[in-house]
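First comes the structure, then the notes that go with it.
The values are calculated or read from the model by the stated rules, or taken from the named source; none is laboratory data. Everything quoted here is computed from the prediction, not taken from an experiment. Positions of Cβ are generated from backbone atoms using ideal geometry, with glycine treated the same way; all protein chains shown enter the neighbour counts. Quick note on the areas: whole protein, heavy atoms, side chains included, nothing else; ligands and nucleic acids left out. Shrake-Rupley method; radii C 1.70, N 1.55, O 1.52, S 1.80 Å.
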Amino acid sequence: MSAENIISSVIVRQFSNKLIEHLQLDAALVGGGPSCLVAAHYLARQGVKVAVFERKLAPGGGTWGGGMLFNEVLVQEDALAILDDFSIHYNKVEDAEGYYTLDSVEMASGLIFGALQAGAKIFNTVSVEDLVFKDGKVNGLVINWTPVERLGMHVDPLTVISKCVLDGTGHPSEIMKLAVDKAHVKLSTPTGTIMGEKPMWVDSGEASTVANTGEYYPGLFACGMSANNVMGGYRMGPIFGGMLKSGRKVAEQILEFLQK
Ligand code: 48F
C-alpha cells in the first residue's frame, strides 16, 4: 500500500469504528459549549459512555471570543475548583473581590482537551436535527453533517440511540424546541413550554443558569444558556462560573438518572 492509501484508509476505518462505537450511548450531549464540555468530562470520569455532537468545526461554543473579541473571560471564586480539574490557569482580579480572569483561548481548548482526556468523544461538524422519540420517550438523536444542513442538501440522516439527551445548544435551546414543536411534549416549566431568555442581568443570570439546570422531560436535560432560555432566565455575557457549575450539576443529575 502507498502512503497515500494507508493514510486515507486508516482515517476512514478509525473514524468509522469511533462512530459505530458511539451509536449507542448512556448520554448524548448536544453542543460543544462550556457547560456541555464540563458535563462530558465529569460523566466520562465516572465511566459513563458519553459523546458530544457539535455543529461547528471547532467545539468550545461562546468561549473563544471572550467579550466582544477581547479574548479574556471572568469566573467567580466558587467555580475555580472546576478550572483546577481541567488544569486551566486563572488570575485573581486584584481590584474586584471574588473575580478571576482567564484567557478565553486557554479556557476553550482546556475544556475540549479535558473532556476528551476523561474519555468523552466529540463529533464535530455534526448537527443534531431531530430527536429519536418512541412511545412517548426520548431515545436519542438524529444527526447529519453540518455542510449537508448548511447547503440544504436532501440527504437522510443517521441516528444515535441514548438513555438520555442533554440540550447544551446555548441560547436557542434547539433540542428542547424540537421536543416541544415536533414531539409535542409538555416541559416541566410553568408554561409547559420554552419561556424565553430575558435580557442582561449578570448576577441573576449566573445564579439562574445553575438553578435552571435540570431534567425538563424524562430523559431530556438542559444545561447552560439553554436551561436559562427554557426557564426564562437572564443572560450574563462573558462571565462563565455559572456555565461551568451548570455542567458539573447536570453531570450529577444525569449520573443519578442513569443509576435509577
Ligand atoms: O452557546 P454555547 O457556548 O453553550 P453554553 O454552554 O455556554 C454559553 C456561553 O458560551 C455564552 C454565555 C456565557 O455568558 O452566555 O453564550 O450554554 O455553545 C453551544 C454550542 O452548541 C452548538 C453550537 O454550535 C455551540 O457550539 N449547537 C447548537 N445547536 C446545535 C449545536 C445542534 N442542533 N447540533 C449540534 N450542535
With (1) more than 20 Å from GLU215 (Cβ to Cβ); (2) assigned to a helix (DSSP H, G or I) as the list, and MET1 as the residue in question, which single condition is left unmet?
-> (2)
In this structure, does LEU131 turn out to be under 19 Å from the mean Cα position of the chain (by Cα) and assigned to a strand (DSSP E or B)?
-> yes
Of the residues in region 217-257 that are of a type in the set (Ser, Thr, Tyr) and buried (at least 24 other Cβ atoms within 10 Å of the Cβ), the one that is nearest to the ligand (Cβ to nearest atom) is SER226
Members of region 201-226 found to be aliphatic (A, V, I, L, M) and within 13 Å of ARG248 (Cα to Cα), listed by number = VAL210, ALA211, ALA222
State yes or no: is LEU131 of a type outside the set (Val, Ile, Thr), surrounded by 15 or more Cβ atoms within 10 Å (Cβ to Cβ), within 23 Å of LEU258 (Cβ to Cβ) and in contact with a helix residue (DSSP H, G or I) (Cβ under 7 Å, 6 or more places away or on another chain)?
-> yes
Can you name the residue in region 119-128 that is in a strand (DSSP E or B) and touching a Leu at 6+ places or on another chain (Cβ under 8 Å) and is also surrounded by the fewest Cβ atoms within 10 Å (Cβ to Cβ) among such residues?
-> ASN124
Residue list for region 174-188, filter: in contact with a strand residue (DSSP E or B) (Cβ under 9 Å, 6 or more places away or on another chain) and assigned to a loop (DSSP other than H, G, I, E, B) = LYS182, ALA183, VAL185, LYS186, LEU187, SER188
Residue among SER173, SER162, SER208 that alone is buried (at least 17 other Cβ atoms within 10 Å of the Cβ) and touching a residue at least 60 places away in the same chain (Cβ under 8 Å) | SER162
Matching residues in region 75-118 (exposed (fewer than 13 other Cβ atoms within 10 Å of the Cβ), within 21 Å of the chain's Cα centre (by Cα) and not in a helix (DSSP H, G or I)) number 1
In region 189-205, residue nearest to ASP167 (Cα to Cα) [restricted to those that are open to solvent by less than 70 Å² (accessible area, probe 1.4 Å) and assigned to a loop (DSSP other than H, G, I, E, B)] = ILE194
Hey, does region 143-162 have a residue that's within 28 Å of MET236 (Cβ to Cβ), of a type outside the set (Phe, Trp, Tyr) and in a strand (DSSP E or B)?
-> no
Give just the number: which of (1) over 19 Å from the mean Cα position of the chain (by Cα); (2) part of a loop (DSSP other than H, G, I, E, B) does HIS171 not satisfy?
-> (1)
Does GLU21 count as farther than 16 Å from ILE254 by Cβ and more than 15 Å from the ligand (Cβ to nearest atom)?
-> yes
Specify the residue that is nearest to the chain's Cα centre (by Cα); the eligible residues are those in region 49-64 that are open to solvent by 70 Å² or more (accessible area, probe 1.4 Å) and either within 6 Å of the ligand (Cβ to nearest atom) or not charged (D, E, K, R) (or both).
-> LYS56
Going through region 24-48 one residue at a time, which ones are within 16 Å of the ligand (Cβ to nearest atom) and assigned to a helix (DSSP H, G or I)?
-> PRO34, SER35, CYS36, LEU37, VAL38, ALA39, ALA40, HIS41, TYR42, LEU43
